[in-house]
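Q: Pasting a structure here, questions to come.
The values are calculated or read from the model by the stated rules, or taken from the named source; none is laboratory data. Only a predicted model underlies this, so the values are computations on that prediction, with no experimental measurement involved. Cβ: placed from backbone, ideal geometry, glycine included. Neighbour counts: every protein chain shown.
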Amino acid sequence: MVFRDVLNSGKFVVTSEVAPPKGTNLDNLRHHIDLLKDKVDAINVTDHQSSVMRFPSIGGCLAIKEQGGEPILQMTCRDRNRLALQAELLLAYSRGIRNVLCLTGDAVPVGDHKEAKGVFDLDSVQLLKTIRLLETGKDLGGNDLDGAVEFCAGAIVTPEANPIEPQLIKFEKKVEAGAEFFQTQGIYDLDNFGRFMEYARQFPVKVLAGIILLSSARMAKFMTENVPGIFVPQNLIDELAAAPKGEALSRGIEIAGRMIATLKKDAICDGVHIMAIGREEVVPDILAAAGM
Amino acid sequence: MKSITKQKPFDEIKEQLADFDRVFIVGCGTCTTMLKTGGVDQVAEMREKLQELGKRVSGEVVIPTACDEMTEAVMKENSPAIENAACVLVMTCALGVHRLSLYLDRPVIPALDTLFIAMEDTPGYFHEVCAQCGQCVLGETAAICPITACHKGLVNGPCGGTNNGKCEVDKEKDCAWTLIYQRLKEQGRLDLMRRYFPPRNYQVVPRPRTLKIP
Ligand code: SF4
Ligand code: SF4
């Protein structure tokens, strides 16, 4: 089933993601794709995540297609101007990629090519609009396309952002620009997320809660202190810290599984997006812990 | 408005002067004096450093405002000393370097890097407020410029990197979009933040940019 139909089927949707390698050795990437492709509804491929130069997102999506999975092409506005972004959408469509996640992109100085020029010719809202425009058979220059595109377009939102209102305004702009689904930044506080969902429910979009695997108490603390929009409640940090030596990761898998199970049981949102960040091989364990 | 400059690493200046044994130094009495990068004291310091290097400094002058047309007269006044030099080392911003090069046949070497154009918020603290984008949006952003104050120059609201009012590139730096949000909210104009801004025109005046008053 194509991803848009899955989103609209009423089923609890599960997506996950893989990160392309720095280099041309695709063994690991292909291994992760094989592990995930039948366990999740679609797989995101990150686009130079954290502004670190890697094998391109579209290359990873093509590998997913070859291996029989459903890819979600992550596209940031950091590295390409409007010509290059539109061209890549044409290429993606022509090769059977039907899902795009539109992001602004991390800042250049956080990555590994600190002196590069950040492009940001478009932003995430404008990129969503561009997709909808290309679908009408026109490009941003007002010219006709010989063969248009059609995408299931998504975006991201950060339910833990502080202050939250600017974030919600941007969320609504993304909805108006044509976003059909949202994958959220990692969430851990289900009460706060529930409040966000009460608000988000008024819009005709599907929301997949971001689940980032916690691998240790230290990592959880680090994320709370350093990653924008991430807040890990103290009781989860304590739970990880209390795990016997060598078992923090399995405790993290348990926590992720438990959260997914609750989100699903209480029908809080439409699905989850699982980010295992370098530990993709445990995604099936997380799903098993969630009873899925 | 001030042109913000920083002295180049001395090794770079040394390298650029490698082929010249006699140097004339020019400073500016306006921005680089205020920035302490090209005033009377910095020009004197540079003279001493060049002399230590074994260069002959044939003269020096601090022009009141190096970027304006009075500079031509100052160059004329100093022409004997300038003619005695193999090059002119310029401790003004790049506008001054351009201006000088109009009047000199000698090679003109900048000693400073021109960083940005800024306002002085508090004494000694300079803050870039405008990047001369050609399409001013300040009316819709509560007079905070998203092109310069936002690291990514975003016009449709904050990115996902904003954190407790700070920018993802620097925990000390305010997120422009939090500031814009707060000020628009105070003004009861948050509806402006909901407005969609289409892709910007980067060719308002195609580069190189020029303008002639009719
Ligand atoms: S929007 Fe910003 S950069 Fe553009 S003219 Fe206005 S202040 Fe300057
Ligand atoms: S955190 Fe704020 S200022 Fe920094 S890039 Fe994002 S929107 Fe711009």
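Q: Might you let me know whether region A:215-230 holds any residue that is assigned to a helix (DSSP H, G or I), free of Cβ contacts under 8 Å to residues at least 12 places away in the same chain and within 11 Å of another protein chain (Cβ to nearest Cβ)?
A: Within region A:215-230, one or more residues are assigned to a helix (DSSP H, G or I), free of Cβ contacts under 8 Å to residues at least 12 places away in the same chain and within 11 Å of another protein chain (Cβ to nearest Cβ).
Q: Within region B:148-168, can you find the residues that are under 21 Å from A:N81 (Cα atoms) and away from ligand 1 (no atom under 15 Å from the Cβ)?
A: B:G157, B:P158, B:C159, B:G160, B:G161
Q: Follow-up question, since we're still on this one. Just give me the residues in region B:153-176 being near ligand 2 (Cβ under 6 Å from one of its atoms) and either part of a strand (DSSP E or B) or of a type in the set (F, W, Y) (or both), in sequence order.
A: Within region B:153-176, just B:C167 meets the criteria.
Q: In region A:65-119, what residues are outside any loop (DSSP other than H, G, I, E, B) and within 16 Å of ligand 2 (Cβ to nearest atom)?
A: Here is the first cut: in region A:65-119, the ones outside any loop (DSSP other than H, G, I, E, B) are A:65-66, A:71-76, A:82-94, A:99-103, A:108-110.
Residues satisfying the conditions are A:T76, A:C102, A:L103, A:V108, A:P109, A:V110.
Q: If you go through region B:95-125, how many residues are among the β-branched types (V, I, T) and exposed (fewer than 15 other Cβ atoms within 10 Å of the Cβ)? Walk me through it before giving the result.
A: To start, the set of residues in region B:95-125 that are among the β-branched types (V, I, T) comprises B:97, B:108-109, B:114, B:117, B:122.
Checking the rest, the ones that are also exposed (fewer than 15 other Cβ atoms within 10 Å of the Cβ) come to B:122.
The number of residues fulfilling the criteria is 1.
Q: Out of all the residues in region B:79-109, which are among the basic types (K, R) and outside any loop (DSSP other than H, G, I, E, B)? Give the steps one after another, and end with the answer.
A: In the first step, residues of region B:79-109 are kept if they are among the basic types (K, R); the result is B:99, B:106.
Scanning region B:79-109 gives a single hit, B:R99.
Q: Pairs needed: first member in region B:126-150, touching a residue at least 40 places away in the same chain (Cβ under 8 Å) and closer than 18 Å to A:T104 by Cβ; second member anywhere, near ligand 1 (Cβ under 6 Å from one of its atoms) and not in a loop (DSSP other than H, G, I, E, B); C-beta distance under 9 Å; at least 6 residues apart or different chains.
A: Pairs found: B:V137/B:I147.
Q: Can you tell me which of (1) surrounded by 14 or more Cβ atoms within 10 Å (Cβ to Cβ); (2) aliphatic (A, V, I, L, M); (3) more than 7 Å from chain A (Cβ to nearest Cβ); (4) within 29 Å of the chain's Cα centre (by Cα) is the one B:L211 doesn't meet?
A: All conditions are met except number (1).
Q: Continuing with this model, one more query. Scan region A:271-292 for residues that are assigned to a loop (DSSP other than H, G, I, E, B) and within 15 Å of A:G186 (Cα to Cα) and report the count.
A: Keep residues of region A:271-292 that are assigned to a loop (DSSP other than H, G, I, E, B), which gives A:276-279, A:290-292.
Filter once more, keeping what is within 15 Å of A:G186 (Cα to Cα): A:276-277.
Number satisfying all stated conditions: 2.
Q: Further question: Checking the structure you have, find out if any residue of region A:170-192 is part of a helix (DSSP H, G or I), away from chain B (no Cβ under 13 Å) and not charged (D, E, K, R). Break it down stepwise before answering.
A: Just the residues of region A:170-192 that are part of a helix (DSSP H, G or I), to begin with: A:170-177, A:190-192.
Then drop every residue that is not away from chain B (no Cβ under 13 Å), which leaves A:190-192.
From what is left, the residues that are not charged (D, E, K, R) are A:190, A:192.
Checked region A:170-192: at least one residue is part of a helix (DSSP H, G or I), away from chain B (no Cβ under 13 Å) and not charged (D, E, K, R).
Q: How many residues, within region B:166-188, are out of contact with any His (no Cβ under 6 Å at 6 or more places or on another chain) and within 7 Å of another protein chain (Cβ to nearest Cβ)?
A: Let us first name the residues in region B:166-188 that are out of contact with any His (no Cβ under 6 Å at 6 or more places or on another chain), namely B:166, B:168, B:170-188.
Keeping just the survivors that are within 7 Å of another protein chain (Cβ to nearest Cβ) gives B:168, B:177-178, B:181.
Residues flagged as out of contact with any His (no Cβ under 6 Å at 6 or more places or on another chain) and within 7 Å of another protein chain (Cβ to nearest Cβ) within region B:166-188 amount to 4.
Q: Among the residues of region A:141-151, are any within 11 Å of another protein chain (Cβ to nearest Cβ) and in contact with a Gly (Cβ under 9 Å, 6 or more places away or on another chain)? Can you show your working first?
A: Just the residues of region A:141-151 that are within 11 Å of another protein chain (Cβ to nearest Cβ), to begin with: A:141.
Subsequent filtering for residues that are in contact with a Gly (Cβ under 9 Å, 6 or more places away or on another chain) retains none.
No, the conditions are met nowhere in region A:141-151.
Q: Just one of the numbered conditions (1) within 16 Å of ligand 2 (Cβ to nearest atom); (2) more than 15 Å from the chain's Cα centre (by Cα) is not true of B:Y103; which one?
A: Among (1) within 16 Å of ligand 2 (Cβ to nearest atom); (2) more than 15 Å from the chain's Cα centre (by Cα), the lone unmet condition for B:Y103 is (1).
Q: Can you name the residue in region A:1-60 that is part of a helix (DSSP H, G or I) and touching a His at 6+ places or on another chain (Cβ under 9 Å) and, of all such residues, is farthest from A:V282 (Cα to Cα)? First the steps, then the outcome.
A: Of the residues in region A:1-60, the ones part of a helix (DSSP H, G or I) are A:3-7, A:27-36, A:49-51, A:57-60.
Adding the requirement that they be touching a His at 6+ places or on another chain (Cβ under 9 Å) leaves A:51, A:57.
Values: A:S51: 25, A:S57: 22 Å.
It comes out as A:S51.
Q: A further question on this structure: For B:H127, work out the one condition from (1) over 30 Å from A:Q185 (Cα atoms); (2) more than 14 Å from chain A (Cβ to nearest Cβ); (3) at pLDDT 95 or above; (4) within 16 Å of ligand 2 (Cβ to nearest atom) it doesn't fulfil.
A: That leaves (3) as the condition not met.
Q: Run down A:L263, A:L208, A:L240 and say which single residue is touching a Cys at 6+ places or on another chain (Cβ under 8 Å), surrounded by 22 or more Cβ atoms within 10 Å (Cβ to Cβ) and either assigned to a helix (DSSP H, G or I) or at positive phi (or both).
A: On the way: A:L208 fails: either assigned to a helix (DSSP H, G or I) or at positive phi (or both); A:L240 fails: touching a Cys at 6+ places or on another chain (Cβ under 8 Å).
Exactly one residue qualifies, and that residue is A:L263.
Q: Please pick out the residue among B:T141, B:T92, B:T162 that is buried (at least 22 other Cβ atoms within 10 Å of the Cβ), β-branched (V, I, T) and within 10 Å of another protein chain (Cβ to nearest Cβ). I'd like the intermediate steps shown before the answer.
A: Details: B:T141 fails: within 10 Å of another protein chain (Cβ to nearest Cβ); B:T92 fails: within 10 Å of another protein chain (Cβ to nearest Cβ).
Exactly one residue qualifies, and that residue is B:T162.
Q: Let me ask you something else. Give the residues of region A:133-157 that are among the charged types (D, E, K, R) and either part of a loop (DSSP other than H, G, I, E, B) or surrounded by 14 or more Cβ atoms within 10 Å (Cβ to Cβ) (or both), sorted by residue number.
A: Taking region A:133-157 and keeping what is among the charged types (D, E, K, R), we get A:135, A:138-139, A:144, A:146, A:150.
Hits for region A:133-157 are A:E135, A:D139, A:D146, A:E150.
Q: Evaluate the following for A:L29: is it closer than 24 Å to A:L133 by Cα, away from every other protein chain (no Cβ under 14 Å) and aliphatic (A, V, I, L, M)? Full working, then the answer.
A: On the way: closer than 24 Å to A:L133 by Cα: no; away from every other protein chain (no Cβ under 14 Å): yes; aliphatic (A, V, I, L, M): yes.
Considered against the rule, which asks whether it is closer than 24 Å to A:L133 by Cα, away from every other protein chain (no Cβ under 14 Å) and aliphatic (A, V, I, L, M), A:L29 comes out as no.
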